[in-house]
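Okay, structure first, notes after.
The values are calculated or read from the model by the stated rules, or taken from the named source; none is laboratory data. From a predicted model like this one, the values you see are computed outputs, not experimental measurements. With ideal geometry, Cβ positions are generated from the backbone for all residues, glycine too; neighbour counts draw on all protein chains shown. We work out accessible area using only protein heavy atoms, side chains counted, and drop any ligands, DNA or RNA first. Shrake-Rupley method; radii C 1.70, N 1.55, O 1.52, S 1.80 Å.
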Amino acid sequence: MKKKLIVGNWKMNGSLAANASLVQALRAGMAEGTACGVALAVPAPYLAQIQSLCAGSRIDLAAQDVSQHEAGAFTGEVSAAMLRDFGVRYVLVGHSERRQFHGESDATVAAKAQRALAAGITPIVCVGETLAEREAGQTEAVVRRQLAAVIHANGRCISEVVVAYEPVWAIGTGKTASPAQAQEVHAALRSQLAAATAHAEAMLLLYGGSMNAANAAQLLAEQDIDGGLVGGASLKASDFLSIIAAAQSKASRS
Ligand code: PGA
């Protein structure tokens with residue numbers, strides 16, 4: 001049985017004090033034998049703090065971005081090897097806020113995924129359409145194009161990545177894709193992956209975009225939704241714990 005994966009994306013939020021109380025509350029609230037994966041994608045300066053706060057717990061460390069370059073004269077960038085030094089297990093690549101506000105192209109996102117894989121870190125590749133693209137009937141074409149770049153760059157290693165479908169219009173807006181809308185896109189992504197790898201069924205496809213304590217169970221009940229990438233609701237321990245609890249009670253097929 002495939003375990004669900006719930007990843008909190010803190011974005012540019014947090015402080016030493018706030019992080020400590022949030023992680024303590026999560027550790028205290030997570031049931032013994034938690035039967036789903038849990039990770040926190042935290043701002044880079046807090047990786048060391050969260051690594052030590054999560055030591056000995058079931059919470060994995062994730063980063064929010066990684067450089068496409070290996071090392072050298074790239075002021076402000078953080079390399080995959082540096083993330084590895086802090087025990088990072090997952091890294092988000094191609095989050096829509098990176099694509100939108102930092103000009104990341106499909107090729108850049110694919111290169112970042114490659115760097116992560118080469119360092120032994122699992123990239124969580126984010127794809128998703130804007131409202132205008134959805135209204136123009138281009139949803140599937142957009143997410144397929146975004147994923148195709150990563151498949152092309154990574155060949156057979158593609159089975160090592162996690163994919164997160166995050167409709168841009170649902171991020172931080174309180175508008176969630178309906179379970180049926182999300183499932184439809186997830187099924188399309190799964191079939192695209194199946195054409196590239198024999199392991200597509202075992203891969204984790206997360207949904208993100210205003211997932212919260214109230215809607216998580218329904219979304220996670222869909223056949224191809226293997227977890228969540230949670231922004232706003234991951235900053236409140238009680239909300240994030242409810243989402244984790246919802247994930248535990250659902251098991252994906254295969
Ligand atoms: P949200 O963000 O849950 O606040 O909509 C999700 C994300 O951007 O990963």
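Based on alpha-carbon atoms, the Kirkwood radius and the radius of gyration of the chain give Rg/Rh equal to 0.93.
Residues considered: Arg156, Arg190, Arg89. Largest GNM mean-square fluctuation over the chain, using C-alpha springs under 10 Å, is found at Arg156.
Other residues with beta-carbon under 9 Å from the beta-carbon of Leu205 carry, at +1 per Lys or Arg and -1 per Asp or Glu, a net charge of -1. Surface exposure of the chain, expressed per residue as accessible area with a 1.4 Å probe, stands at 43 Å².
Of all chymotrypsin sites (Phe, Trp or Tyr not before Pro) in the range 20-105, which ones are in loop regions per DSSP and have a Cβ with at most 13 other Cβ atoms within 10 Å? Show your work: numbers first, answer last.
Working: sites: Tyr46, Phe74, Phe86, Tyr90, Phe101; in loops: Phe74, Phe86.
Within the range 20-105, the qualifying chymotrypsin sites (Phe, Trp or Tyr not before Pro) (loop, at most 13 other Cβ atoms within 10 Å) are Phe74.
The length gained on full extension between Gln100 and Ala217, counted as 0.36 nm times the residue separation minus their Cα-Cα distance, comes to 39.2 nm. With a 1.4 Å probe and all protein chains left in place, how much of the accessible area of the range 162-254 comes from carbon and sulfur atoms, in whole percent? Carbon and sulfur: 54 percent of the exposed surface of the range 162-254.
Percent of Cα pairs in the range 6-94 per distance bin of 10 Å, from zero to the largest separation: 16, 50, 27, 7, 1. On the beta carbon distance between His69 and Lys2, with R0 = 35 Å, the FRET formula returns roughly 0.55. By a 1.4 Å probe calculation restricted to protein chains, Lys236 has an accessible surface near 120 Å², given to the nearest 10. Loop-located GluC sites (Glu not before Pro) in the range 72-179 (DSSP state not H, G, I, E or B) with no more than 10 neighbouring Cβ atoms inside 10 Å do not occur. Using a probe of 1.4 Å, the accessible surface attributed to Arg145 totals some 120 Å² when neighbouring protein chains are kept in position. A crude spin-label estimate for the pair Ser52 and Lys175, with each label 7 Å from Cα along the Cβ direction, gives 4.4 nm. Taking Rh as the Kirkwood radius computed over C-alpha pairs, what is the Stokes-Einstein D of the range 134-246 at 37 °C in a medium of viscosity 0.692 mPa s, expressed in µm² per second? Rounded to a whole number, D works out at 227 µm²/s.
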